[in-house]
Amino acid sequence: MFGLRPDAVLAVPEKYYTLSDYEGNIPRWCPGCGDHSVLTAAQKVCRENQLAPEKTVFVSGIGCSSRFPHYMKTYGFHGLHGRAFPVACGIKFRRPDLHVFVATGDGDCCSIGTGHWIHAIRYNMDMTVMLLDNEIYGLTKDQTSPTSRKGTTSNTHPTGSVLPPINPIITTLGVANVSFVAQTVDWNPAHLYATLMAAYQHPGFSFVRILQRCPHFSAEVYADAVTDANQTLLLNHENGIELPKGVERMFKNTEEHDPADINKAREFAGIQDMIPIGLFYQKKDNERYDEYGRHNLGFSIEAKEAALMNEFEKYAV
Amino acid sequence: MLELNTNSPGQSSGGMVDPKIEVFPVKEHIVEIVSDSGEGAQKAGQSFGSISAKMGNGVWTVEIIPAEIQPPARSREGASGIRIRLGSHAITNMGDEADLVVAFNEQALYSRIGQQAFKEGTIILLENKWAEDKVPTVQKQYAEALADFESRGYDVREVPMETECLKIVDNPHHGKNMWVLGLLSFLYNRDLEIAEAQIARIFRRKSQKVVQSNLDLLHAGFKWAQANLGFQYDIPAQEKGLDLVVMNGNEALGMGAIAAGIELCSMYPITPATSVSHYLAEVFESAGGVVHQAEDEIAAIGFAIGASYAGKTALTVTSGPGIALKTEFIGLAVMAEIPLVILDVQRGGPSTGLPTKVEQGDLLASIFGQPGDSPTIVMAASSIEECFHFVIMARKLAEAFTMPVFVLSDANLATGVQPFPKPQFNPDWLAPPVDQSNWKEGVPPYNWDEKTGLSQRPVPGQKGGMYVLTGLAHDEDSHVAYQSDINQRGSNRRSRKLAAFHQTLKTPVVNGDDEGDLLVVGWGSTRGSIEEAVAKVRESGAKVSSLHLRFLCPIEPGLKEIFKKFKKVITVEINYGDEADDPLITAETRRYSQLAWYLRAHTLTEVDFFSNVHGQPMRPGAIVERIRKELAL
Ligand SMILES: Cc1ncc(C[n+]2csc(CCOP(=O)(O)OP(=O)(O)O)c2C)c(N)n1
Ligand code: SF4
Ligand SMILES: [Mg+2]
């Protein structure tokens, strides 16, 4: 007899996602903006991990960098200035099946959203955070950011800013329950990609500060570091960011740093004469608030009804 | 002398029929327990209310809360306590002056006197230990107060509370309240078995020893009253009808969240809303929910919106200052059409205002609080029962109309306790599980219906539904668009949803005749007082009716037609408005109370108002007075 048995199931190979499956709208960042390379790296991380686009959510605040979700073909949440973290945490809390990424700027994260940033570190929910730090407010056109170096001239400080900047790495390292802190740069795509991969794979809140060039408003801040390899310090360790050998050789200055050592991490984070990149700190077994959030999912209608009846009983006259 | 009702439940446990006890039958009574903060008056009063409800009386309790946590002892401002109004019929508000007061010291009574809580003839059962206090000034204050109370016409009976309690416990500071519960149980002929069960329940987390000593105090208070007071009140039960449950408004809001199948309560502590989350924190997890205490109110609503975006039903609960902080996120939920239930337990404002006191001050803020046009549904509960049911309704409306829905309650309902018919569970109450089916190909995330503005929304996890939610003006595809017509179009679709919802609302029913000289319009917790006041004035033949509004936005239909049939329309509400005869106030400068302002704009009718911000629930007596004035009676 010909034909398939009626109960036959044809094994359809799972769809293999290619880069184009993650490409959303055409990016509208300036040419030469560092955000472009972060986008490419993030899309590669999605592809490498074969993340189903419908199970992936990119959450952001407001800023040039926060336009990120529009350029992904996943679910996206382009919310309010400074408020990406509460939204991302709310998504993850009761939907552990979703892969959550956060794109935030230095104003978004380290100024208006500081409170949420600190608490999101402490919640330690499984998500990958990309702080796109151009040391300036891009979208609103050249105002001082909390990460702008002292003396930065901007529209709000035409004669130079007066305060020393916040160091987002040191700040993050200072928060209880911190679990993954790394730094990378937009102009080294291999290191950027490797760092985001490690961040994605970390079970918890992975905080990656990405030094991001803004040729439009803060071109000078990273210009030297881009051209002069001596200005970067690569933190190396067998438990650190895994780099292809060729990439490692591009760095003139390297130091061994065990990411389990939080004190050393703070020391490296504070060095002034070079840009330290790599994994500062990682701890995989911290408390995770998303574990708490998921512990009682999936109640049936019957179970909910029973709980309610129990309450009526308690309050019965 | 009156005969004891031999069927009364108190009799079996309370002892023999004592011919020396005079029994007064009354239809209803208002009882207060007043003390320094921390003496347990509220616990005793809540218990007394619950016992009375269990015995079939109509009950309303309202807490008397000092603003500070620990005001100094015997201070006139620091009175803490509770009022219990009970009757042979349903009780809907706190009423006017008290009939009987139990006071732990005489000074605390003065704050209540300042609030006109008593009348001539009010019986005051007063702790007498102060008469012999070590401190001479205390003795003096006590003696002076006694004389003063007498001159005010109060009927003071001195009671040796401390002395009697010391026979049972070493430290009467903890325990006097249960002795008082015993005393009240005798006075109102309460069933001691029910009272004992109540004590077992409130001390369920304490040791057996603690439970026993409180039971002993209860019995001692009962016996003392029986032996010494010589009178009793008989307030027969209501007709026994449906099964009842009894709780306060905040518990009812929390229970409504469970009944609605809500899975996340995201909040930041703020009086008087916090106890909703206290209640939920105890029981929510065994009903499939979680309470998230966020780092601030902004994060609390952001977290709830995140969860809701991801398909999980969520609510946030707060009070005025919290609403102010949440404003931007509320606008986002409107713009991006994310369902959300917002419970606002209102207190006095603006700013930190009157944290523990009632106000209906957030009406216009919830309707118009966001920059730009920001249509939301706003409904207000008027009873404990509505607190429960409105959360269920709000959840459904939020999802059907993909927008934030406000449920307004207030500090009066928050701690007010009232029995209501046990709700009949309906599986439709519960939120459905997150839809993870494939999204229909080619359907945009905002597939606005031309006429109603309604659309379904894709939820993360749905294949083919991927879109980027944005708070920027956007088109059907959620694409940011700056063309001039796009924002107009989006605004128009969101606004139409309210018009569509409006179609489903019924014209409200006038309480009383639907034409007359005066119509009193109210919303929220003032309903009971308004209707009681109107009923009272109608008895004298006056042509006054009332109208209660549950949906404030969109506002219930047909109001203009209803108003036309009355010579005068006023609102009664607890928020600020200028009195017409205040200095500098003219027709041009006068700022109206909130509902009045809104109704004037909505109906182009001359609507006046009676409102104040004393931080007190509206009393029927005050409304009666105002109605008489309006009608020149
Ligand atoms: C509540 C609120 N305040 C202010 C703004 C204006 N605003 C938008 S983006 C931005 C700063 C953006 O800087 P950053 O976060 O560093 O992002 P970048 O544009 O540099 O990527 C500001 C102040 C806003 N959108 N919302
Ligand atoms: S202004 Fe700066 S940050 Fe913004 S898109 Fe242009 S280059 Fe990038
Ligand atoms: Mg920036």
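Key figures for this structure:
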item	result
For the protein assembly as shown, with +1 on Lys and Arg beta carbons and -1 on Asp and Glu, the positive-most of A:SER65, B:TRP179, B:GLN360 along the dipole	A:SER65
Mean separation of Cα contacts under 8 Å (6+ apart) over length of chain B, as relative contact order %	12
R0 of 56 Å, Cβ-Cβ distance B:GLU158-B:ASP373: FRET efficiency to nearest 0.05	0.30
Estimated 222 nm signal from helices in chain B, with DSSP H stretches of n ≥ 4 weighted -39500 (n - 2.57), rounded to 500	-11000 deg cm²/dmol
Label-point separation in nm, B:LYS568 to B:ALA227, each point 7 Å along Cα→Cβ	5.8
Under 15 Å, Cβ to Cβ, from B:CYS553 - net charge with Lys/Arg +1 and Asp/Glu -1	0
Share antiparallel - DSSP beta bridges, the protein assembly as shown, percent rounded to 5	25
Hydrodynamic radius by Kirkwood, which averages 1/r over all alpha carbon pairs of chain A, in angstrom	20.9
Under 14 Å, Cβ to Cβ, from A:VAL221 - net charge with Lys/Arg +1 and Asp/Glu -1	-4
Simple Cβ-charge dipole of segment B:191-265, Lys/Arg +1 and Asp/Glu -1, about Cα centre, in debye nearest 20	420
Cα-based shape type of chain B, given that a ≥ b ≥ c are square roots of the gyration tensor eigenvalues and the cut on a/c is 1.5	prolate
Euclidean distance of C-alpha centroids, segment B:303-374 and segment B:532-581, integer Å	27
Positive-pole candidate from B:ILE342, B:GLY541, B:ALA143, dipole of the protein assembly as shown, charges at beta carbon	B:ILE342
Two-site FRET efficiency, B:ALA400 against B:LEU242, from Cβ-Cβ distance with R₀ of 30 Å, rounded to 0.05	0.55
Net charge of neighbours whose Cβ lies under 12 Å from the Cβ of A:GLY90, counting Lys and Arg as +1 and Asp and Glu as -1	+3
Helical contribution to [θ] at 222 nm, DSSP H n ≥ 4, -39,500 (n - 2.57), averaged over chain A, rounded to 500	-8500 deg cm²/dmol
Sequence-distant lysines (8 or more away, or on other chains) whose Cα lies within less than 18 Å of A:LYS283	A:LYS264
Global geometry of the protein assembly as shown, whether rounded, prolate or oblate, following the gyration tensor of its Cα atoms and the 1.5 cut on a/c	prolate
Acute angle (nearest 10 degrees) that the helix B:208-228 long axis makes with the longest principal axis of chain B, alpha-carbon atoms	60
Projected label distance in nm at B:HIS479 and A:ARG47, using a 7 Å step from Cα toward the beta-carbon	2.4
Cα centre as origin, Lys/Arg/Asp/Glu Cβ charges: chain B dipole, Debye	740
Dipole moment magnitude, nearest 20 debye, segment B:435-504 about Cα centre, only Lys, Arg, Asp, Glu C-beta charged	240
Partners for B:LYS463 among lysines (Cα-Cα distance below 30 Å; same-chain residues under 8 apart left out)	A:LYS15, A:LYS44, A:LYS55, A:LYS73, A:LYS92, A:LYS304, B:LYS312, B:LYS396, B:LYS440, B:LYS451, B:LYS497
Under 20 Å from the B:GLU515 label point (7 Å along Cα→beta-carbon), backbone N, segment B:535-552	B:538, B:541-547
Along chain A, longest interval not containing exposed chymotrypsin sites (Phe, Trp or Tyr not before Pro), exposed being DSSP loop plus at most 12 other Cβ atoms within 10 Å	A:17-317
Sequence-distant lysines (8 or more away, or on other chains) whose Cα lies within less than 19 Å of B:LYS568	B:LYS536, B:LYS543, B:LYS560, B:LYS629
Antiparallel DSSP beta bridges within chain B, as percent of all bridges there, nearest 5	30
Segment B:126-190: trypsin sites (Lys or Arg not before Pro) in DSSP loop, at most 16 other beta carbons within 10 Å	B:LYS134, B:ARG152, B:LYS167
Segment B:22-241: relative contact order as a whole-number percent, Cα under 8 Å and 6+ apart	25
Cβ-Cβ FRET estimate between B:LYS206 and A:TYR292, R0 fixed at 30 Å, reported to 0.05	0.55
Residues whose placed amide H lies under 5 Å from that of A:PHE280, excluding near-sequence neighbours	A:VAL181, A:ALA182, A:GLN183
Neighbour-limited loop hits for chymotrypsin sites (Phe, Trp or Tyr not before Pro), segment B:574-606 (at most 11 other Cβ within 10 Å; DSSP other than H, G, I, E, B)	none
Size of segment A:199-317 as Cα extents on the principal axes (Å, biggest first)	78, 37, 27
Degrees between helix B:320-336 axis and first principal axis of chain B (Cα, 0 to 90, nearest 10)	30
Folded to 0 to 90 degrees: helix A:301-314 orientation relative to chain A principal axis, Cα	90
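We did not get these values from a lab; they are worked out from the coordinates using the rules stated. The structure presented is a predicted model; accordingly, all values stated were derived computationally and were not measured. Every residue, glycine among them, receives a Cβ derived from its backbone with ideal geometry; neighbour counts consider all protein chains shown.
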